[in-house]
Amino acid sequence: MSDAILAVDDLVVSFDGVRVLDELSLRIGYSELRFLIGPNGAGKTTLLDVITGRVRPVRGTVVFDGRVDVRRHRGDELARLGIGRKFQAPSVFPELTVRENLTVAANGSAPLLRLLGRTPATVADRVARTLALIGLGERASVRAGLLSHGEKQWLEIGIVLVQEPKLLLLDEPAAGMTRAERDRTGYLLQQISTDRSVLVIEHDMQFVRQFSATVTVLHAGRVLTEGPMAMVQANEQVIDVYLGRQRHAASAPAASGKEDGDARD
Ligand SMILES: Nc1ncnc2c1ncn2[C@@H]1O[C@H](COP(=O)(O)OP(=O)(O)OP(=O)(O)O)[C@@H](O)[C@H]1O
Ligand SMILES: [Mg+2]
């Protein structure tokens with residue numbers, strides 16, 4: 001029996017003959033909050049695509065929960081087995097309330113109208129717990145389309161959480177948020193990782209620094225280094241390929257052009 005919720009070994013993914021993930025190996029523990037950082041094109045999102053069955057590797061294995069070989073399952077099966085992912089594209093129904101959105105998600109594929117009329121107690125329980133967890137209890141009856149950007153993002157996280165994943169995958173959950181919203185998202189990540197594993201891709205280094213979590217730095221499809229943020233930040237190679245650019249940008253006369261996606265400090 002493995003002590004890792006996710007065991008990635010020797011993973012190779014190629015697009016048009018170019019290796020995007022290059023013999024990548026990593027482990028994520030049970031109830032661990034892990035951050036994945038690295039420059040644009042490092043392969044971060046591609047790794048999530050492999051874990052969720054959207055991209056097939058050329059080689060290597062990804063084992064979930066000690067027994068599920070992800071290559072043998074479709075994306076919807078992996079979701080049912082406990083791999084939850086929040087996509088950046090919105091998945092809420094703007095005309096439904098916050099509670100209705102969670103209820104629909106909690107019921108999976110059951111017919112929508114029947115669901116909203118009659119909700120089994122276990123589902124209502126899960127919805128109530130999720131509402132409290134994402135801090136939207138007082139907004140439960142508000143139509144999702146009327147929520148602020150931050151609230152919508154928390155609802156999106158709630159929609160995945162209410163399906164009770166064992167592993168939650170988030171790609172830049174704090175993107176576009178105000179400082180206050182980011183702080184609340186940080187608190188939410190702490191809370192949800194107490195009893196499930198969470199893997200977070202993030203470019204905002206100030207955001208990552210608030211956690212005592214392990215940070216994995218991906219570069220050119222490989223793990224460059226892994227450890228606490230303080231250690232990662234002091235690593236010369238990490239400064240060279242990722243963090244350093246930002247430091248120099250402050251004194252450089254002109255930015256190189258592409259700002260979005262660089263490490264933000
Ligand atoms: N479907 C695809 N077909 C071809 N190339 C792809 C595809 N998806 C990703 N790539 C390429 O694979 C590389 C890794 O992309 P990926 O999106 O995983 O990077 P990332 O680390 O998530 O970057 P970012 O920080 O910009 O989101 C990039 O060079 C990208 O252009
Ligand atoms: Mg990406």
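FYI, it's all coordinate maths here, none of it is from the lab. Keep in mind that this is a model prediction, so the values were computed, not measured. Ideal geometry is used to build each Cβ from the backbone, glycine not excepted, and the neighbour counts take in all protein chains shown.
For residue 5, enumerate residues with amide H under 5 Å from its amide H, sequence gap 5+ or separate chain, H modeled in the peptide plane.
Placed amide hydrogens put 28, 29, 30 under 5 Å from residue 5.
At most 14 other Cβ atoms within 10 Å plus a DSSP loop assignment makes a site exposed; report the longest stretch of the chain without any exposed trypsin sites (Lys or Arg not before Pro).
No qualifying site falls inside 119-257, the longest such stretch.
Looking at the chain, identify the longest residue range that excludes and avoids all GluC sites (Glu not before Pro) in DSSP loops having at most 11 other Cβ atoms within 10 Å.
Value returned for the longest uninterrupted segment is 96-258.
Can you check what the net charge comes to around residue 166, using other residues whose Cβ is under 9 Å from the Cβ of residue 166 (Lys, Arg +1; Asp, Glu -1)?
Neighbourhood net charge equals -1.
Give the long-range amide H neighbours of residue 214: residues separated by 5 or more places, or on another chain, with amide H under 5 Å away, using H modelled in the peptide plane at 1.01 Å from N.
Here the answer is 35, since their amide H atoms fall under 5 Å of that of residue 214.
Find how much the distance from residue 236 to residue 18 grows on full extension, using 0.36 nm per residue of separation minus their present alpha carbon separation; answer in nm with one decimal.
75.8 nm
What FRET efficiency comes out for the pair residue 140/residue 210, r = Cβ-Cβ distance, R0 = 35 Å, nearest 0.05?
Rounded to the nearest 0.05, the efficiency is 0.80.
So for the chain, averaging the separation of alpha carbon pairs under 8 Å that are six or more residues apart and normalising by length, what relative contact order in percent results?
Worked out over the chain, it gives 25 percent.
Does the chain come out rounded, prolate or oblate, given a ≥ b ≥ c as the square roots of the eigenvalues of its C-alpha gyration tensor, rounded meaning a/c under 1.5 and, failing that, prolate meaning a/b above b/c?
Here the chain falls in the oblate category.
Karplus couplings for segment 53-69 from phi (6.51 cos²θ - 1.76 cosθ + 1.60, θ = phi - 60°), rounded to Hz, Gly and Pro as x?
With coefficients 6.51, -1.76 and 1.60, one gets x, 8, 10, 8, x, 6, 7, x, 10, 10, 10, 9, 6, x, 8, 8, 7 Hz.
Quick one: what are the phi-derived ³J(HN,Hα) couplings along segment 93-106, Karplus 6.51/-1.76/1.60 with θ = phi - 60°, whole Hz, x for glycine and proline?
Calculated HN-Hα couplings, in order: 8, x, 7, 8, 6, 4, 5, 5, 4, 5, 5, 4, 5, 5 Hz.
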